[in-house]
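Just below is one structure, and these are the notes that go with it.
The values are calculated or read from the model by the stated rules, or taken from the named source; none is laboratory data. Because the structure is a prediction, the values reported are computed rather than measured. Don't worry about glycine lacking a Cβ; one is built from the backbone with ideal geometry, like all the others, and counts go over all protein chains shown. Heavy atoms of the whole protein, side chains included, go into the accessibility calculation; ligands, DNA and RNA do not. Shrake-Rupley method; radii C 1.70, N 1.55, O 1.52, S 1.80 Å.
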Amino acid sequence: MYLGMTDSKRIDVQAGYEKGINMFIAASLGVNNISAGGMMGCEGCQSMEMLVLDNEAFGGIKYYLEGIKPRQTDTIKNIRDMAEMNMSPDTAAFLRDGEFYFPTLANRSDVSAWEKEPNCMLRNAIAKTDQILREHNPQQLDSYMCGQIGRLLESRVTD
């Protein structure tokens, strides 16, 4: 479905609220392809930073929808990790092979740490977007795929 948009013209509380609600409801109803990540101003523009924030939200929604599935405690490979997390074996039985979803953009520090270095999700999303743009090296399509796309486009023109 084409949703996950907001009427907001900027990355703000309204954008987060509108996008979060409609993405979560759609995913809860079984929609498994949401294709308007990053869209703002009700399709007036797309923001790379909002796309990074939406990706974080999609990750949390996906993790939630996978649900809690009991597993054998012997699937936990490293008991020391379990102890470091102060987790009981009964709790560990519900882990998905030790997998967790940890959002990376939200500020999870306590107030005293935040006062020393205040940050917010938007600032973190801007930094993450800059990092992606700086470091990403997209792979070029090989000549076979370029030829296939060209033939497909040519066939559409002549039909």
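Some notes on this structure:
- Sites Y63 and Q148 - FRET efficiency at Förster radius 30 Å, r taken between beta-carbons, to 0.05: 0.25
- Across all C-alpha atoms in segment 10-68, the radius of gyration and Dmax reach 11.4, 38 Å.
- Maximal additional length on extending the H136-N55 stretch stands at 27.5 nm, based on 0.36 nm per residue less the C-alpha distance.
- Accessible-area value, C42, 1.4 Å probe, nucleic acids and ligands omitted, Å²: 80
- For segment 1-59: accessible area per residue (Å², 1.4 Å): 56
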